[in-house]
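Contents: one structure, followed by commentary.
The values are calculated or read from the model by the stated rules, or taken from the named source; none is laboratory data. Predicted model, so just to flag it, every value in this text is computed and none were measured. Reconstructed Cβ throughout: ideal geometry from the backbone, glycine too, with neighbour counts over all protein chains shown.
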Amino acid sequence: MTLVQRGSDPRLAGGRLTIDLDALAANWRDLAERSKPARCAAVVKANAYGLGVEQVVPALLAAGCDTFFVALPQEGVAARKIAPKAEIFVLNGVHEQSVATIAEAGLIPVLNSLEQIELWAGHCSSRGLNVACALGVDTGMNRLGLAVADMLAFRTRNVSEHVVSPLLVMSHLACADQPDHPLNRLQLESFQRVTEAFDDVESSLANSAGILLGGKYLFGVTRPGIALYGGAATLEGANPMRPVVTLEARIIQLREARKGETVSYGAAETLERATKIAVVAVGYADGYPRSGSSAGVPLRKVASAGQRGWIGGVTVPLLGRITMDLSMFDVTDVADDALESGWIELIGPNIPLDEAAGSAGTIGYELLTGLGPRYERRYIQAPES
Ligand SMILES: *Cc1c(COP(=O)(O)O)cnc(C)c1O
């Protein structure tokens, strides 16, 4: 097992984030298998969902992935440095100020309006550059993309005028995580009208959850993100992916408190028994959301219960409000020798990402992309055989 350390000095960091690149690669291969006959790309926007594009992209390349999607041009430039030959699509399209950067880095913009098509065509043809691009069509999310009718009209015009050379037409599902939602089928039917018109162009509809819908939703290229990183793609059933991320917090003080005393800001939590408290050096400034507090935040009314940690085989509840740099856990039931390990798991094999996210009233995506820069980051990977 090779261990690469990044981020904060491991001797000093209050939290450590361990990213299992072998699990990531296994998840990609699993999704590639489920995507067949489509080919499987990888979505590495937002610094590979917060996990580090510099480590994630090489691991995916080694697994056989050669197509990547990012949101912003600078993310594409970063990915291009690591993957000189890969196809890299920029989901957020082009504007006046980004068009040159995208063209120079050989990135493929997903053009989301007729204005963007004109901008890209004008920029590239005046410089003798390839007008390769992807075209985005909105089939029901009202986020990015041309309307279906505009897309079909553009197809007719493009055949005669050859404005751009589309390599891919794509759309995005709004409700793929709810397999029975009627919008899935409506979006599928709208997108099929587009792919029938663009019959000589590759097509792509499915994100992680779309891959699990399978069948007609797969088209030619799939675009998983969250499932690669071990998150649950759908709201139903067990998560078939391997966990990739473990977050542990360093215990920096243990204290004994009496029944009836209160914990943290607002004195919102009153102890119901004599309690041993572990104070850990991770708080909301590290992306451990305050909304996961055990008491004293209005969101508590909608989220299930506050965060839980895990140490020495015991699940330990969080106490009171999460503060900027510190959080408190009830470790009364943990054996002393287990406490000596010095670290409480906040996310990982025992506290699934999606459970930690749910306890904060959010989703795995937001928890991952919010993980802050103060952690020690450890990347583990078996040596190449
Ligand atoms: C983020 C994103 C994806 C990846 O979605 P996941 O749910 O993380 O698999 C795919 N396509 C588009 C357009 C996206 O914005």
Take the range 245-298 and flag every residue that is touching a helix residue (DSSP H, G or I) at 6+ places or on another chain (Cβ under 9 Å), within 18 Å of LEU367 (Cα to Cα) and of a type in the set (Gly, Ala, Ser). ALA249, GLY283, GLY287, SER291, GLY292, SER293, SER294
ILE344 fails exactly one of (1) buried (at least 23 other Cβ atoms within 10 Å of the Cβ); (2) in contact with a Leu (Cβ under 6 Å, 6 or more places away or on another chain); (3) within 19 Å of GLY14 (Cα to Cα), namely (2)
What pairs can you find where one residue is in the range 231-248 and buried (at least 16 other Cβ atoms within 10 Å of the Cβ), the other is of a type in the set (Asp, Glu) and assigned to a strand (DSSP E or B), and their Cβ atoms are less than 6 Å apart, with a gap of 6+ or different chains? VAL244/ASP20; GLU248/GLU345
Name the pairs whose Cβ atoms lie under 7 Å apart, with the first residue in the range 70-95 and within 18 Å of CYS124 (Cβ to Cβ), the second among the charged types (D, E, K, R) and away from the ligand (no atom under 11 Å from the Cβ), and 6 or more positions between them or separate chains? GLU87/ASP66; ILE88/ARG80
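Kindly indicate whether GLY122 is over 23 Å from ASP66 (Cα atoms) and out of contact with any Phe, Trp or Tyr (no Cβ under 8 Å at 6 or more places or on another chain).
Numbers: over 23 Å from ASP66 (Cα atoms): yes; out of contact with any Phe, Trp or Tyr (no Cβ under 8 Å at 6 or more places or on another chain): yes.
Yes.
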Please verify whether the range 178-186 includes one or more residues that are part of a loop (DSSP other than H, G, I, E, B), within 24 Å of the chain's Cα centre (by Cα) and within 13 Å of the ligand (Cβ to nearest atom). yes
Do we find that HIS162 is within 16 Å of the ligand (Cβ to nearest atom) and without any contact (Cβ under 8 Å) to a residue 12 or more places away in the chain in this structure? no
Could you tell me whether the range 47-66 includes any residue that is within 14 Å of the ligand (Cβ to nearest atom), more than 24 Å from ALA382 (Cα to Cα) and surrounded by 19 or more Cβ atoms within 10 Å (Cβ to Cβ)? no
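Quick check on GLY136: is it out of contact with any Phe, Trp or Tyr (no Cβ under 9 Å at 6 or more places or on another chain), within 16 Å of the ligand (Cβ to nearest atom) and not in a loop (DSSP other than H, G, I, E, B)? Explain how you work it out, then say what you get.
Values: out of contact with any Phe, Trp or Tyr (no Cβ under 9 Å at 6 or more places or on another chain): yes; within 16 Å of the ligand (Cβ to nearest atom): yes; not in a loop (DSSP other than H, G, I, E, B): yes.
So GLY136 fits the description; yes.
Within 16 Å of the ligand (Cβ to nearest atom), out of contact with any strand residue (DSSP E or B) (no Cβ under 9 Å at 6 or more places or on another chain) and not in a loop (DSSP other than H, G, I, E, B): does that describe THR369?
Working: within 16 Å of the ligand (Cβ to nearest atom): yes; out of contact with any strand residue (DSSP E or B) (no Cβ under 9 Å at 6 or more places or on another chain): yes; not in a loop (DSSP other than H, G, I, E, B): yes.
Criteria met by THR369.
Would you check if ARG157 is away from the ligand (no atom under 12 Å from the Cβ), out of contact with any helix residue (DSSP H, G or I) (no Cβ under 9 Å at 6 or more places or on another chain), assigned to a helix (DSSP H, G or I) and under 25 Å from VAL94 (Cα atoms)? Break it down into steps so the answer makes sense when it comes.
Numbers: away from the ligand (no atom under 12 Å from the Cβ): yes; out of contact with any helix residue (DSSP H, G or I) (no Cβ under 9 Å at 6 or more places or on another chain): yes; assigned to a helix (DSSP H, G or I): yes; under 25 Å from VAL94 (Cα atoms): yes.
Considered against the rule, which asks whether it is away from the ligand (no atom under 12 Å from the Cβ), out of contact with any helix residue (DSSP H, G or I) (no Cβ under 9 Å at 6 or more places or on another chain), assigned to a helix (DSSP H, G or I) and under 25 Å from VAL94 (Cα atoms), ARG157 comes out as yes.
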For the range 307-316, indicate whether the set of residues that are surrounded by fewer than 18 Cβ atoms within 10 Å (Cβ to Cβ), touching a residue at least 60 places away in the same chain (Cβ under 8 Å) and under 28 Å from ASP9 (Cβ atoms) is non-empty. no
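Condition first: of a type in the set (Val, Ile, Thr), over 19 Å from SER293 (Cα atoms) and touching a residue at least 60 places away in the same chain (Cβ under 8 Å). Now tell me which residues in the range 317-372 satisfy that.
Kept after step one, since they are of a type in the set (Val, Ile, Thr), are these residues of the range 317-372: 322-323, 331-332, 334, 344, 347, 351, 362-363, 369.
With the extra rule that they be over 19 Å from SER293 (Cα atoms), the set shrinks to 334, 369.
THR369, the sole residue that qualifies.
With the structure loaded, tell me whether ALA79 is under 23 Å from TYR365 (Cβ atoms), within 14 Å of the ligand (Cβ to nearest atom) and not charged (D, E, K, R) or whether it fails that test. Let's see the steps before the verdict.
Details: under 23 Å from TYR365 (Cβ atoms): yes; within 14 Å of the ligand (Cβ to nearest atom): no; not charged (D, E, K, R): yes.
So ALA79 does not fit the description; no.
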Do any strands (runs of 3 or more DSSP E) lying entirely in the range 1-115 carry at least 2 residues that are under 17 Å from the mean Cα position of the chain (by Cα) and not assigned by TED's automatic domain parsing to the domain that holds GLU345, and which ones are they? 15-20, 67-70, 87-90
For the range 341-366, how many residues are part of a strand (DSSP E or B) and touching a Gly at 6+ places or on another chain (Cβ under 7 Å)? 3
